[in-house]
1. Taking the range 70-94 as the search range and keeping residues that are free of Cβ contacts under 8 Å to residues at least 40 places away in the same chain and part of a loop (DSSP other than H, G, I, E, B), which one is surrounded by the most Cβ atoms within 10 Å (Cβ to Cβ)?
2. Within the range 5-13, can one find any residue that is at pLDDT below 90 and touching a strand residue (DSSP E or B) at 6+ places or on another chain (Cβ under 9 Å)?
Amino acid sequence: KTLYAKPIRIEEINPVVRIYPNPSNGNFIIEFTNNEKSLSLTMAAPDGRQVAVGHFKTDDDRISINIPEVAPGLYLLSIALGSGKVINRKILVK
């Protein structure tokens, strides 16, 4: 007798759809799902030092951010959401 495993579908609801363009020259757009709202944005370099995030503009379902005069490299962007979740994403500045 052959047994077949029935796949279980696991859906992970991700409050952040995408960050683009990534890599970028320092201008990024963050798109949200599920009507999430951002409370704050922080960015850290690989050595842990905080990097200033320039102005950002909020629309209903997206945020446009500018990271002025930052050295090219990989950074960690942390987004604190109104729901209490914190989303971390790697972004590459070229």
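The values are calculated or read from the model by the stated rules, or taken from the named source; none is laboratory data. Values in this document were obtained by computation on a predicted structure and should not be read as measured data. As a convention, Cβ positions derive from the backbone with ideal geometry for all residues, glycine included, and neighbour counts pool all protein chains shown.
1. My answer is 72.
2. No, the range 5-13 contains no residue that is at pLDDT below 90 and touching a strand residue (DSSP E or B) at 6+ places or on another chain (Cβ under 9 Å).
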